[in-house]
1. Quick one: in segment 42-53, which of the residues that are exposed (fewer than 10 other Cβ atoms within 10 Å of the Cβ) and of a type outside the set (S, T, N, Q) is farthest from the chain's Cα centre (by Cα)?
2. Just to be sure I understand the filter: pairs with C-beta atoms under 8 Å, separated by 6 or more residues or on different chains, first member in segment 54-69 and surrounded by 11 or more Cβ atoms within 10 Å (Cβ to Cβ), second member part of a helix (DSSP H, G or I). Which pairs pass?
3. When segment 27-56 is examined, which residues are found to be of a type in the set (G, A, S) and at pLDDT below 90?
4. Got a sec? Which helices (runs of 4 or more DSSP H) wholly within the chain have at least 3 residues that are of a type in the set (F, W, Y)?
Amino acid sequence: MDLLSTFCSFRELEQASLAEFSSIKGIGKAKTAQIKASIEIGKRLYHEPSPKGPAFASGQDVYNYFYPKMQGLRKRSFTVYCSM
């Protein structure tokens, strides 16, 4: 059974009690603790500042940065770089 179909949202999943989790077949105290810990890690990661990457001033800067990382790839790859 899909947990989100039972709890409808991540917020409900986060707020669910041990009893609510235990009512789902195959989920006991240990699995509930893992789920709760995963949600907590996700929340902390969300609030952690992202490291700043390199600043690009030209297309050549982009090429120089990505070429060494992508030159050995055997498949085509599409990379998106977002600047905010």
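1. K52
2. F56/V62; F56/Y65
3. Those that are of a type in the set (G, A, S) and at pLDDT below 90: S50, G53, A55.
4. Those helices (runs of 4 or more DSSP H) span 59-70.
The values are calculated or read from the model by the stated rules, or taken from the named source; none is laboratory data. Quick caveat, the model's predicted, so the values are computed rather than measured. When we count neighbours, we look across all protein chains shown, and the Cβ atoms used for this are built from the backbone with ideal geometry, even at glycine.
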